[in-house]
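Working notes for the structure below.
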Amino acid sequence: MSNLSHLTYERIAEVLQQADMISPATAQACLAELGSSDPHLTPYDVALSLREFGVAVSIHSDDIDFLEDSYGWLLDEAAKVTGGAVTVAKVRLVEGEEDEGFGPPEFDSRDDVLEFERNGRSVSIPAEHFSEDYYDTAAAVQAVAEMSPDDSPRAFHIVDFARERNGVYDTVMALVSPEQARILEENLGLEIRGARHSVS
């Protein structure tokens, strides 16, 4: 295993090229955007960098502006990661009944349905929302997973990393094959959840 204590954006770009996830031209362009500084990258920074290199999306854990628009934006970003293999259209959040719980009003939830067309096929995902300002993360993860290309070894998987106690983190999902997951895990110290691969 390589030294993971001083990962840089340049090293991450090298690993992504080794995994055949980005081209040299993409690596160069992304590195130019990220800047020439060489900061100490935390494990979370490493995970988020996959988004910057165009091979992942992140599901925001903090407040968002508008639920329906934000789901649409997230799925558009996932479609871009597939390079056109998957398209998304007609993203709609169908609002359901509000469940008045036994606690304060801020703990009331609403059972909605996230609907969209993926390559022309209708997809419906149940989503529970406690506010107009936050994703249902489980529903968002399922929606992004639905954007995985057909007839391909690549699929969207959650990228896990070493976390600090009480930290608040976005959920990162990368489009990887089992072999690409192995390369990222061995060289970047990440864990790609659910990406089955053989131990080399």
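Do we find that E77 is open to solvent by less than 60 Å² (accessible area, probe 1.4 Å) and within 30 Å of I12 (Cα to Cα) in this structure?
yes
Taking the condition of a type in the set (A, V, I, L, M), closer than 19 Å to F53 by Cβ and surrounded by 15 or more Cβ atoms within 10 Å (Cβ to Cβ), does I183 pass?
Yes, satisfied.
Go over the candidates V94, V144, V172, V199 one by one and state the one that is surrounded by fewer than 18 Cβ atoms within 10 Å (Cβ to Cβ) and either more than 30 Å from T42 (Cα to Cα) or at pLDDT 90 or above (or both).
After ruling out the rest, the residue left standing is V94.
Which pairs turn up if I take residues in the range 11-29 that are in contact (Cβ under 8 Å) with a residue 12 or more places away in the chain and look for partners that are β-branched (V, I, T) and surrounded by 13 or more Cβ atoms within 10 Å (Cβ to Cβ) with beta carbon separation below 7 Å, at least 6 apart in sequence or on another chain?
Every condition considered, the pairs that remain are I12/V46; V15/I183; L16/I22; L16/V55; Q18/I183; A19/I183; M21/V55; I22/V55.
Condition check ((1) hydroxyl-bearing (S, T, Y); (2) open to solvent by 30 Å² or more (accessible area, probe 1.4 Å)) across all residues:
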site	(1), (2)
L41	no, no
A47	no, no
R51	no, yes
S58	yes, no
D65	no, yes
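Got a sec? Which of V159, V113 is farther than 18 Å from A85 by Cβ, touching a Pro at 6+ places or on another chain (Cβ under 9 Å) and of a type in the set (A, V, I, L, M, F, W, C)? Working first, answer last.
Working: V159 fails: touching a Pro at 6+ places or on another chain (Cβ under 9 Å).
None of the other options fit; the residue is V113.
The values are calculated or read from the model by the stated rules, or taken from the named source; none is laboratory data. Owing to the predicted nature of the structure, the values given are computational and were not obtained by experimental measurement. Because the Cβ atoms are built from the backbone with ideal geometry, glycine has one as well, and the counts that use them run over all protein chains shown. In case anyone asks, the SASA skips ligands and DNA or RNA and just uses the protein heavy atoms, side chains included. Shrake-Rupley method; radii C 1.70, N 1.55, O 1.52, S 1.80 Å.
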